[in-house]
Amino acid sequence: MKNIVEAQNLTMTYRVGKIDVHALKGVSFTIREGEFVSIVGQSGSGKSTLLHILGGLLQPSSGVVKIDGEDLASVTDAQRTDIRRRKIGIVFQRFNLFPTLSADGNLRLAERIRGGAAAGSAEQRARILKLLNLEPRIHHKPLELSGGEQQRVAVARALVNQPALLLADEPTGNLDSENSQIVLDMLKKLNEELGQTVVMITHNPEAATIGQRIIHMRDGRILDDAPVN
Ligand code: ADP
Ligand code: MG
């Protein structure tokens, strides 16, 4: 299996006024195709910073980050955006759907932004909607959907370009326990049935065990990186 993520000695320093905040202090790991990795750690440990770097949303201060073989750290902003649109899907705690568009409209807009549907994607799309159990809700607008349904639409949207890597930053952070479980189960299904590579941030230790491996962050470093028992 190939590497989907290669991170070597990533650092990130934010400048706040005259103060440097060292959010990442040298983080290295690789993630193979088909893995489901959870990233855990206390608030402020650098999880979101790391995820934003993996997602091409943020340039690290130093280090190497490759997604499916493409180097994100040494390219222009425009090139990074292009790689992100082709290779990466991202789900956030806030679902960030367009409120005036139906679930279907949200997916179609994402397809257009990501450079049009690839060959065979209509089939893939139908498969994902079925797997996420969204078919009965496809013509509803976000406000007509529950939080769990909105997050499932956001997951489907993140998958429209068949990304090599699906990233999720606290995807259950705004959901009640029942809907959290549904969303976690579906991420697991995407991983097991479609072989989707997933990296999920969570502060919930129980949710973290849904994947095969847990990376534990503390104070900008990896404290532990181990398989789930
Ligand atoms: P986590 O997601 O684990 O809570 P973050 O990556 O959000 O951690 O933050 C890591 C550290 O970087 C924290 O000290 C945080 O305050 C700081 N930080 C995050 N984003 C910014 C930013 N845009 N500007 C300045 N400091 C930031
Ligand atoms: Mg965070």
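Pairs exceeding 20 Å between alpha-carbon atoms, taken from Lys25/Lys66; Lys18/Lys66; Lys2/Lys66; Lys130/Lys189; Lys130/Lys188: Lys18/Lys66. A simple packing score, the average count of other Cβ atoms within 10 Å per residue, orders the peptides 187-199, 66-78 as 187-199, 66-78, with the highest score first. Entry comment: accessible area of the stretch 151-200 is 32 Å² per residue, from protein heavy atoms only and a probe of 1.4 Å. All other residues whose Cβ lies under 10 angstrom from that of Leu132 are scored, Lys and Arg at +1 and Asp and Glu at -1, for a net of +3.
How much net charge surrounds Ile214 when only other residues with a Cβ under 10 Å from its Cβ are counted (Lys, Arg +1; Asp, Glu -1)?
Details: positive: Arg213; negative: Asp224, Asp225.
Cβ neighbours under 10 Å give a net charge of -1.
Taking amide H atoms as placed 1.01 Å from N in the peptide plane, the amide H of Ile201 lies under 5 Å from those of Ile39, Ala168, Asp169, Glu170, each 5 or more residues away in sequence or on another chain. Reported to the nearest whole Å, the Cα centre-to-centre distance from the stretch 121-165 to the stretch 74-107 is 14.
Our estimate of slack between Arg108 and His140, defined as 0.36 nm per intervening residue step minus the Cα-Cα distance, is 10.1 nm.
Put simply, the amide H of Ser62, placed in the peptide plane, has neighbours under 5 Å in Thr11, leaving out anything fewer than 5 places away on its chain.
Here's the list of aspartates and glutamates a cross-link from Lys141 could span, going by alpha-carbon distance under 20 Å and ignoring same-chain residues fewer than 8 apart: Asp104, Glu111, Glu149. Using a probe of 1.4 Å on the protein chains alone, the accessible area found for Asp176 is around 90 Å². Using every Cα-Cα pair within the chain, state what percent have a distance larger than 23 Å. Value for the chain: 46 percent of Cα pairs lie more than 23 Å apart. Modelled this way, with points 7 Å down the Cα-to-C-beta line, the labels at Leu223 and Ile19 are 2.2 nm from one another.
Charged neighbours of Ile31, selected by a Cβ distance under 9 Å, balance to -1 (K, R count +1; D, E count -1). Counted residue by residue at 0.36 nm each, then reduced by the alpha carbon distance between them, the extension gain from Thr81 to Asn174 reaches 30.8 nm.
The values are calculated or read from the model by the stated rules, or taken from the named source; none is laboratory data. On a predicted model such as this, the values are computed, not experimentally measured, just so you know. So basically every Cβ, Gly included, is an ideal-geometry build from the backbone, and we count neighbours across all protein chains shown. Side chains included, ligands, DNA and RNA excluded: accessible areas come from the protein's heavy atoms. Shrake-Rupley method; radii C 1.70, N 1.55, O 1.52, S 1.80 Å.
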